[in-house]
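The structure appears right after this line, and notes come after that.
Just so it is clear, none of the values below were taken in a lab; they were calculated from the coordinates. Please read these numbers as outputs of a predicted model, since none were measured by experiment. So basically every Cβ, Gly included, is an ideal-geometry build from the backbone, and we count neighbours across all protein chains shown.
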Amino acid sequence: MDDDPPKTSLTGSLSVGRAAVVLVLFVAAVATLVAVGTRPSVSGVPSSAQTTVPTTTPTTVPAGGSTTTTAAATTTTAAATTTTHQSHKGKGAASSTTTTVPHSTVSVAVANATTTNGLAAHYTTVVGAGGWMMKTPLDAATSETTSAVYYAPGFAPEAATIAASIGVKPAQVLPVSSATPVSGISGIDVVVVIGQDLASTSGT
């Protein structure tokens, strides 16, 4: 009885063929990883990607052939994460802090700049109704046609409020200076000068 012919050449061809297939798959996987790793990321958009290639790819040859194991290095590709923080501030936007001073802490003096008697006392009562700290009524050094409200440094808002309450125009709200027609007003926060325009409407 004759022995079967040897299968060494056939088995060897199968091993080489399968090894070639594994090699081609490995090269394709590496090429894909390189493409993913070099892909540009969009600026300002957080992104995170992770790709892992299996560590081993076993290939077994049957019928007594040797087992070939091809090891592939595990490759991890992580895309950089970028976070963009932007701060926008509207052009021309202005912020201000307003501090309200209690009326009772603001000293106010009313001066009569007309020939009509009792005007300073009358407007001291009118202005005092707003809760201001009223001083003794005064007489102005000169006669004035137009009423005005003068303020010491830092008391412009309070002067504007008082002026509006008695009908004095905003253009006549002025800082205290050498032109203020009242003497002896040192230390007073707001000085109201009653002119002829208010004298005719006072009803006194």
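What the phi angles of region 181-197 give under the Karplus curve with 6.51, -1.76 and 1.60, with θ = phi - 60°, is a coupling list of x, 9, 9, x, 10, 4, x, 8, 6, 9, 10, 9, 9, 8, x, 5, 5 Hz, glycine and proline written as x.
Using the Cβ-Cβ distance between Thr116 and Ser178 with R0 set to 25 Å, the FRET efficiency from 1/(1 + (r/R0)^6) comes to roughly 0.45. Here each label is just a point 7 Å from Cα along the line to Cβ, and for Ala20 and Ser165 those points are 10.5 nm apart. Distant-in-sequence amide contacts of Val106, defined by a placed amide H-H separation under 5 Å and a gap of 5 or more residues or a different chain, comprise Met133.
Enclosing the Cα atoms of region 103-199 in their convex hull gives a volume equal to 83 cubic angstrom per residue.
Ranked by the mean number of other Cβ atoms within 10 Å of their residues, highest first, the peptides 162-173, 20-31 fall in the order 162-173, 20-31. Packing order of peptides 184-192, 104-112, 133-141, highest average first: 104-112, 184-192, 133-141 (average count of other Cβ atoms within 10 Å over each peptide's residues).
Projecting label points 7 angstrom from Cα along Cα→Cβ for Ala31 and His103 puts them 8.8 nm apart.
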